[in-house]
1. So which of B:Ala278, B:Ala235, B:Ala321, B:Ala260 ends up being surrounded by fewer than 22 Cβ atoms within 10 Å (Cβ to Cβ) and under 30 Å from B:Ile122 (Cα atoms)?
2. If we keep just the residues of region B:159-186 that are of a type in the set (S, T, N, Q) and surrounded by fewer than 24 Cβ atoms within 10 Å (Cβ to Cβ), which is farthest from B:Leu322 (Cα to Cα)?
3. Tell me, please, whether a residue that is out of contact with any Gly (no Cβ under 8 Å at 6 or more places or on another chain) and buried (at least 24 other Cβ atoms within 10 Å of the Cβ) can be found in region A:348-355.
4. Assuming C:Arg312 fulfils every condition listed in (1) in contact (Cβ under 8 Å) with a residue 12 or more places away in the chain; (2) in contact with a Lys or Arg (Cβ under 6 Å, 6 or more places away or on another chain) apart from one, which condition is it?
5. Of everything in region D:109-134, what is in a helix (DSSP H, G or I) and of a type in the set (Ser, Thr, Tyr)? Give them in sequence order.
6. For region C:263-275, indicate whether the set of residues that are crowded, with 18+ Cβ neighbours inside 10 Å and more than 30 Å from C:Thr346 (Cα to Cα) is non-empty.
7. Those residues that are surrounded by 20 or more Cβ atoms within 10 Å (Cβ to Cβ) and either over 21 Å from D:Thr256 (Cβ atoms) or touching a Lys or Arg at 6+ places or on another chain (Cβ under 7 Å) (or both), I need them from region D:135-158; list them, please.
8. Select from region C:326-346 the residues that are more than 8 Å from every other protein chain (Cβ to nearest Cβ) and part of a loop (DSSP other than H, G, I, E, B) and write down the one among them that is surrounded by the fewest Cβ atoms within 10 Å (Cβ to Cβ).
4 protein chains.
Amino acid sequence: MTNNKVETQNKIRTGIVGVSGYGGGELARLLVQHPHIDLKYVTSATYAGKPLGAALPGFVGHSPLVCEVFDLQEAIDRCDLIFLAGEYGLAMKSAGPLIAAGKKVIDISADLRLKDAGAYPIWYKIEHTSPELLQKAVYGLPELHKEELKTADLVANPGCFVTSALLAITPLLSSDLIDPSTLIVDSLSGVSGAGRSKFGLDYHFSEVNESAKAYGVGGKHRHTPEIEQELSLVAGKDIRITFTPHLIPVTRGILTTVYASLKGSPRNLVDLYRERYADDPFVVILDEGSLPATKHVTGTNYCNIGITVDERTNRVIVVSALDNLVKGTAGQAIQNLNLMYGFPETTGLTMTAMWP
Amino acid sequence: MTNNKVETQNKIRTGIVGVSGYGGGELARLLVQHPHIDLKYVTSATYAGKPLGAALPGFVGHSPLVCEVFDLQEAIDRCDLIFLAGEYGLAMKSAGPLIAAGKKVIDISADLRLKDAGAYPIWYKIEHTSPELLQKAVYGLPELHKEELKTADLVANPGCFVTSALLAITPLLSSDLIDPSTLIVDSLSGVSGAGRSKFGLDYHFSEVNESAKAYGVGGKHRHTPEIEQELSLVAGKDIRITFTPHLIPVTRGILTTVYASLKGSPRNLVDLYRERYADDPFVVILDEGSLPATKHVTGTNYCNIGITVDERTNRVIVVSALDNLVKGTAGQAIQNLNLMYGFPETTGLTMTAMWP
Amino acid sequence: MTNNKVETQNKIRTGIVGVSGYGGGELARLLVQHPHIDLKYVTSATYAGKPLGAALPGFVGHSPLVCEVFDLQEAIDRCDLIFLAGEYGLAMKSAGPLIAAGKKVIDISADLRLKDAGAYPIWYKIEHTSPELLQKAVYGLPELHKEELKTADLVANPGCFVTSALLAITPLLSSDLIDPSTLIVDSLSGVSGAGRSKFGLDYHFSEVNESAKAYGVGGKHRHTPEIEQELSLVAGKDIRITFTPHLIPVTRGILTTVYASLKGSPRNLVDLYRERYADDPFVVILDEGSLPATKHVTGTNYCNIGITVDERTNRVIVVSALDNLVKGTAGQAIQNLNLMYGFPETTGLTMTAMWP
Amino acid sequence: MTNNKVETQNKIRTGIVGVSGYGGGELARLLVQHPHIDLKYVTSATYAGKPLGAALPGFVGHSPLVCEVFDLQEAIDRCDLIFLAGEYGLAMKSAGPLIAAGKKVIDISADLRLKDAGAYPIWYKIEHTSPELLQKAVYGLPELHKEELKTADLVANPGCFVTSALLAITPLLSSDLIDPSTLIVDSLSGVSGAGRSKFGLDYHFSEVNESAKAYGVGGKHRHTPEIEQELSLVAGKDIRITFTPHLIPVTRGILTTVYASLKGSPRNLVDLYRERYADDPFVVILDEGSLPATKHVTGTNYCNIGITVDERTNRVIVVSALDNLVKGTAGQAIQNLNLMYGFPETTGLTMTAMWP
């Protein structure tokens, strides 16, 4: 076993539905290190009946877990908290019954992120089958919704791009320092963001390697309405942004560069951000003149942020870096779990970067 | 010998000063394939006395050329045209005497790019020692200055970021379709753009690999005034932009994403760009909905451009891709040479991408 | 058009069957630069009816060619020489009729490489349907079979690993300097060697990137019998080797390290190799103490070779580097074409490395 | 602080001399996660006076440690155990006084690895100044020297290539299954193995990326005598091997492929290895037919091993994969620390791979 913890009586019995994807795999990697978690139940349609190490090669030889076919009753019987890390639609179908059975649920798909059910047909090309869950689910960005998360049973874990954008933008917006109509969000993403099961030329090594491209340009990426929903909440009015994701040949990492026109002359923005995030242990505001790199947060739950003012054009440029699979997905989900159970927010998440 | 050309009498005798850098090396790679060029003279302080293959490992075993110490009189005696590919300051010192001796000169450094000598102390931290050359030098972007280049003796070859930005922006500006004050230029660059001799952590493999970062944020990059100079020329008024370069872990390639607010409702921009570049063989305007990738132009002199309108925000987003060492440096220099000598613009530059 | 050649009357009309794979695509890239070739006919089941640029993004915007469905009669009517770059089995079926119609054929699959039809069920799990072609086909390694190639109508282009191994080993074997039973061939390959259409986790960017592994260990790789066939021919007796391929996260390149025990004390092996390859323009023997790197031959038809003796164990270690898609596939095929038509061997293949 | 441990009274006070290199940095990353360690003292000549985050960007914003200039008395006063992670020569000079002061020392340089002082002038081009330490130092490969390590005060932590080779070879040797004169060790290494401070073309991103090469060929690499020393110890007679390292473009990871001729016909080698390593928690023997990949152990202290017999040549091929900075350096050092202090061997080292 990876983990030499002996006392498991009081641990939270946890399951991962969809363990063989990159999000599910990262949850497994982090959960086996968490002192209060007992990972009891892992499911994978593809690897059902095989040891976890067959699905996730990092576990070969040191995990007794076996992948199972997802069964709602099994999940209810054997888990206190279930992470839903499967395909779109899983949470719409399963989150309700799990909650009804008194379980806690953290969904890392997009099923429960948008409050407006009408947005799903537009952005995800599906009708939402459980709109009642949308109001119940707490949007799981702790830096915005910490208090609600402490009492949540159902959490919609945010998108990776969304997390990087919101942490960079919201301090400016809540301080009314920028003209929101000028907001541009330009992001670079590693390839693991596309998941493990979408095969094809787009993620074929020889086509991706040594290349860079933009995609979903012109407001077509599904994280756009999610960014706008939370920005509008912070601003107290409708916000529309231009969001452009780019694919670069790295496995992990998101680097987001935000542009906005300042309303007045700049004040000390580094201090402003530090005050704003004083109680948020995973947001690191860099010193004036420093800029983040994705490698400096790889494998960690940190989001590093650098702030610069272009005095020639009176624009502020904020650059944020995070690991799309940790603060962008699995680490954030565990941060939410910590809040839901009253553990210190950093429990099980104190690792520093896998650097270099 | 790399090249089995036998008849060399009527060829242009050419020299590369600073052959061992990435720009100089790429010039050598392309020039030995050019049907009208005889590469006679290559210099390198570091590799003087050694075969070209010692400086440029791609030439090991198949070039008779030997690196020499740069000597002005040798260059004059043995060359008709000299490429200056050395350090900053070389062209300030040497371009004048070479021109005076009746030679043609293409400088690939930044020494002669800015028309305003007063900009050098600000952006390059040096006093310009030959300001009279600045007006004489033709700015070597063929898509903007083709007629002047046909009679030029002295060419200032553009910066790599600048080329990618200008080709993406100028059709919008000359058609008065955008509000220039909203222009944002966001670029991703491969590491070869930093050159071969700047050692240190910034370009050390283990620090750059699997990472992405922004640099020179806030209008600090030296290509900013160069972009603005040429945009202002096209617009007929002063233009200021926000330019943010990013470093990504690829060797070659620049991907530039330009953002600007449209003045009215969008018309068919793809056609507009195609008309604008109808006589420019190296600019490829992609079909509506297509976006460029740097890998699709690697090793070539092409700049591929995709245009999208974000109708939700009425912004236009233009993405351009080029190889920083070819259309961004050496290929463009040879395109300029072709114009200077009345050769077809594409001579020696018809290769398609090294893909995958 | 990529190519500004105007006079095409006397050019060889050429076709590529299976142009959308990496081998076919590389043939297209190189053939459009060849002065005596007119590429007339390109086929792809996947991209039939679409422009070549849809199949091969490097051609977007600058090729008038359109992909067609392969039709034997079309190939006969419109081509003098046909490259077969499709799936296993294509050449077994089509090479015979093409030859019978007086055409020349170069097959870049493995269909015709092994002289022993009985080897196909063992190594390729298929019965060979045209065993009569196996004796007719000339094995297309010019450094071993140059004279036969000059009169060949049907050429079996060698495997990429095989080329790197044979060029490294045969001088030792023909000079009887080593004990052949000690031969070990250890190769590193870029991912493009696996082709463009095999999708799955094995070539999914996030699984391959930042990793290295061996595969086909224990004499299971299909290039094993091909290496042994040619070594046995050179040695005049049966040779068996251990061959281990490794996958490394680069797109192009094969680096092969060969180990063998020397029979006596070492003599000047660099000179021996240089004499052996004196008439082979694409084999570069490095100076004593120098070792090849794949990047130094990327995009070229060169194979660079370094030779070292481990005096502590009296073993010779030969390291060869080539580009799997050029000297390992398409470049070698064109070298064969040059020999078949009596052109200088280097015609259309004089490019130096895409370096860095 | 990275670590929310509160009770530090009984923790081992630890120092890292040379914290800003990749070995020192990895020690810091792992030590702050270790439940029984209090990292008190970190030194770096380059970053003296600066926060740890300036030296190691993964620590920016979440470590109170400040880099100091190394001072022997400070180390003695403030630490119970000191890791020496500095340049060659540091341990020769400092290990003696530290031991004399009752401290424990783990040296991760090569200063104390070779038992024969006479080997240093030959392989490291320096005279050993403290030969008396060589016999005192325990060679820190727990899988070979576990009992001695339990009582050691001074440990020479093995080289990264050496660890991968010894774990792969020694079960064959101790079982007398192979002819040791046929042993060949062929290794692939990530670039971080070259360290952080050796700048130059060899580790410049654009020269290393998308390339592979061999180096130190012919028994010139310094890990050769170290491999041979330990193999000879196991075999009870002098063993000489051929060792060839290769550089591949990944940051972390060593993949070693070992070749040897079997003495008789092969038996079940997987079981043999599993028995041999039954008490070694960090050696994972893969199932028959499975082969390791470096990515599957990235960031972990595991060494995964796959064993294959080439029945056509009666050779055994053993492939081992490890992370050069963890099992190859810092993780192994902490494994040694655990043994020295009587902690469970896996304490602080139970993380699974950073995958993908």
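1. Working: B:Ala278 fails: under 30 Å from B:Ile122 (Cα atoms); B:Ala321 fails: surrounded by fewer than 22 Cβ atoms within 10 Å (Cβ to Cβ); B:Ala260 fails: surrounded by fewer than 22 Cβ atoms within 10 Å (Cβ to Cβ).
Residue meeting the stated conditions: B:Ala235.
2. So the residue we want is B:Ser181.
3. no
4. The one condition C:Arg312 does not meet is (1).
5. Answer for region D:109-134, where residues must be in a helix (DSSP H, G or I) and of a type in the set (Ser, Thr, Tyr): just D:Tyr120.
6. Within region C:263-275, none of the residues are crowded, with 18+ Cβ neighbours inside 10 Å and more than 30 Å from C:Thr346 (Cα to Cα).
7. Across region D:135-158, the qualifying residues are D:Ala137, D:Val138, D:Tyr139, D:Leu149, D:Ala152, D:Leu154, D:Val155, D:Ala156, D:Pro158.
8. Filtering first and then ranking leaves C:Gly342.
The values are calculated or read from the model by the stated rules, or taken from the named source; none is laboratory data. Every value quoted in this text rests on a predicted model; they were computed, and no experiment measured them. Neighbour counts are summed over all protein chains in view; Cβ atoms, including those assigned to glycine, are modelled from backbone coordinates with ideal geometry.
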